[in-house]
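Worksheet: the structure to be examined is printed underneath.
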């Protein structure tokens, strides 16, 4: 149990701190901001993950766990907010589901390693691996759906900017 708590802290602490760091994303009125200065894009940085960047050379805000920075960045366009919120829900659902599937699969592998002489363990390992893979695959599809919603949110926000 102690090992499980330590693993949970190692996984959750970086995710939660990234969400807190994303609180500084600013709200911009799209009607009064030119496209060149306010267009949004996602920027990927090595060792920092994905960030939201406003304009060509603007600061990069950490994306946050489940895209909280993007939801705040598109706040001036209601349709973009709806898409960003849908993406956030899908990303959160996908991340949690993938984590649960991975932890279930690893736990089953550890139990199977400890009880390798049990005749029913092969069958249980096969069934558990299939369930873990299915749950992980479902989580991956939810994350992909979230990415699609985030892409639409950025497109809708950028479309509302004056050129």
- Quick shape check on region 91-160: root eigenvalues a ≥ b ≥ c of the Cα gyration tensor, a/c under 1.5 is rounded, otherwise prolate if a/b tops b/c, else oblate, and it reads prolate
- Note on the structure: When 111, 127, 154 are arranged by how many other beta-carbons sit within 10 Å of their Cβ, fewest first, they go 127, 111, 154
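Here, each number is a calculation from the coordinates, and none is a lab measurement. Being a predicted model, the structure only gives us computed values, none of them experimental. No Cβ is skipped: glycine too gets one built from the backbone with ideal geometry, and neighbour counts run over all protein chains shown.
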